[in-house]
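Written below as structure tokens is the structure these notes are about.
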Amino acid sequence: MRFPRFTAALAVFAILPGIAKAEFLGGRAEVSHSMFVNDGSLAKSTAGVQLEWGFGPGFVTQTDLSLSGLHALDDTALNITTHLGWSFGEMGTAGLFYGWDKVVGSEDFYGLEYARALGGTEVEGFVAIIDEPGSNGTMAGLSGRMAMNDRIGLGASVDYMSSDNLADGTRIGLNGDYTLGASTRLRGELGRVNADDNAGNSVNETYVKLGVDFRFGQKGGTSFGTRSLFNFLPGM
């Protein structure tokens with residue numbers, strides 16, 4: 001009965017604007033395509049949007065929605081995630097999140113997150129529990145970005161997952177981006193995945209990811225990045 005719990009959580013976020021005066025802070029829309037280098041059929045195309053509102057001094061909420069085409073499975077994956085955060089100014093933003101992934105079946109996950117931007121440096125990390133039937137899995141991630149100048153940024157990320165029903169492994173990526181104008185950012189990433197799934201299959205592959213995102217609102221983006229089990233495997 002995880003889906004009713006998920007819809008109940010969304011309902012709480014939906015009525016928040018009626019409880020307190022909400023101010024739209026910023027958002028981000030993104031499209032991307034990722035695939036394994038040695039097998040282009042193992043690929044994923046994603047479109048998503050993130051929106052953030054503020055409620056009084058320091059309190060923020062963020063809603064994420066994304067749709068991914070999983071080419072190898074010939075299927076579509078849906079992700080919806082909600083965040084509750086508290087901003088400490090220059091000390092960063094700490095938050096809680098709850099997400100739901102849907103493809104053949106569905107998985108819930110929830111956890112803690114923290115993000116901070118200081119000058120041209122951005123860091124973000126999270127830990128989460130995967131709510132599975134009969135057992136629990138875990139996932140965690142850490143990412144960072146440094147602005148080299150007004151246009152170019154370089155970064156890295158590492159993600160970990162341990163789940164009896166899904167996969168165990170790590171993903172490491174090196175990325176770069178180039179800013180066009182005030183709100184458009186071209187992104188590229190090269191990385192490697194080392195994982196074993198619950199069917200006994202092993203993946204030890206290099207992947208590449210290309211994308212573009214559009215940032216808008218007074219904040220020019222959102223406090224937190226996306227949270228999804230599908231982020232772990234760039235190609236499916």
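The values are calculated or read from the model by the stated rules, or taken from the named source; none is laboratory data. The shown structure was predicted, so the numbers you read here are calculated from the model rather than taken from an experiment. No Cβ is skipped: glycine too gets one built from the backbone with ideal geometry, and neighbour counts run over all protein chains shown. The area values use the complete protein model at the heavy-atom level, side chains included, leaving out ligands, DNA and RNA. Shrake-Rupley method; radii C 1.70, N 1.55, O 1.52, S 1.80 Å.
Assorted remarks:
- The Cβ shell under 13 Å around residue 23 holds other residues with a net charge of +1, Lys and Arg each +1, Asp and Glu each -1.
- Theoretical ellipticity at 222 nm over the chain - DSSP helices of four or more residues, -39500 (n - 2.57) apiece, nearest 500: -2500 deg cm²/dmol
- Once you reduce the range 168-208 and the range 19-63 to the center of their Cα atoms, the two points are 17 Å from each other.
- Calculated on C-alpha atoms, the gyration radius of the range 163-231 divided by its Kirkwood radius gives an Rg/Rh of 1.10.
- For the residues 60, 203, a 1.4 Å probe over the protein chains yields an accessible-area ranking, largest first, of 203, 60.
- Of the solvent-accessible surface of the range 97-236, computed with a 1.4 Å probe over protein heavy atoms with every protein chain present, carbon and sulfur atoms account for 59 percent.
- Accessible area expressed per residue, the chain, with surrounding protein chains retained (probe 1.4 Å, Å²): 50 Å²
- With both labels modelled 7 Å from their Cα along Cα-to-Cβ, the residue 149 to residue 121 distance reads 2.2 nm.
- Each residue of the range 48-53 is assigned a 3J(HN,Hα), and the resulting list reads x, 9, 10, 10, 10, 10 Hz, derived from the Karplus form 6.51 cos²θ - 1.76 cosθ + 1.60 (θ = phi - 60°), x at Gly and Pro.
- Taking only the Cα atoms of the chain, the ratio Rg/Rh comes out at 0.95, with Rh defined as the Kirkwood radius.
- Rolling a 1.4 Å probe across all protein chains gives residue 91 an accessible area of roughly 110 Å².
- Charge sum, other residues only, whose C-beta stays under 15 Å from residue 118's C-beta, Lys/Arg counted +1 and Asp/Glu -1: -1
- One decimal place: the segment residue 218-residue 172 gains 13.4 nm when fully extended, by the rule 0.36 nm per residue minus the C-alpha distance.
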